[in-house]
Amino acid sequence: MRQAERARGATVVTALLVASASAAVVGCDGGSGTSHAANSPRAGTSASATMSATASATATATPSPSPSPSPTSPAYGKPGSTHTLAELARHPCLAVNEDDTGPAKLWIGIDGSESHASGDSPLSCQWGAVGGLVDFAPYTSADLTKDARFRNLTHESVSGHTARVGASSRDGSALMVVAVSPGRSFRLIVTSFGDTAPKGPGPVGLAEDFAQAIVSHLR
């Protein structure tokens, strides 16, 4: 059943990726946030300088439109598995597990693929889900929620963890940072598939959904 659900999701998401292969993860400017429920503007949104700072603060490469995980890079964690942030730094795709992939949850249609940007950026994982392309990176020695470059993002809480989130009004991409423990955090960037794609929860909502799933599997 899970394989059938994933196959249907992959068909949808692959079509979305082809239609929006030019979407960028970073380099956003300006923006009003979007709410999870109705993609309506939300308060405390990011300014253009804050969203542009995403590129320098996280040094994230634009994900490939057709990820293909290698045999040594797991696309998901095993059902019921939990991991420390240090373990996710080695294999970030373990941040969500197979229980999260179906349409009742994250509806991931394209399996996770690890990517390492240039510089000192951490290893990240990208998944294709209905609603956007999701890029996750763990930071084992930095709390991005305390970074001054993200001070204009909206304050939020994810299962008791401090978080900040914001979206760009230009291309609909969203940035979310979540504190895990003192000096540790993770970052999510969600790239919208565009106005012609089937509507998911919206980039901010999708970031929130992934953040909840990731936090639930941390130990």
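The values are calculated or read from the model by the stated rules, or taken from the named source; none is laboratory data. These numbers were taken from a predicted model, which means no experiment stands behind them. Counting neighbours? That spans all protein chains shown, and the Cβs are built from the backbone with ideal geometry, glycine included. Calculation scope for accessible area: heavy atoms of the full protein, side chains included, ligands and nucleic acids excluded. Shrake-Rupley method; radii C 1.70, N 1.55, O 1.52, S 1.80 Å.
Regarding the stretch 114-127, can at least one residue be identified that is in a helix (DSSP H, G or I) and at pLDDT 90 or above?
no
In the stretch 132-164, what residues are assigned to a loop (DSSP other than H, G, I, E, B) and buried (at least 20 other Cβ atoms within 10 Å of the Cβ)?
Leu153
Starting from residues that are part of a loop (DSSP other than H, G, I, E, B) and open to solvent by less than 40 Å² (accessible area, probe 1.4 Å), keep the ones in the stretch 85-111 and report whichever is modelled with the highest pLDDT.
Val96
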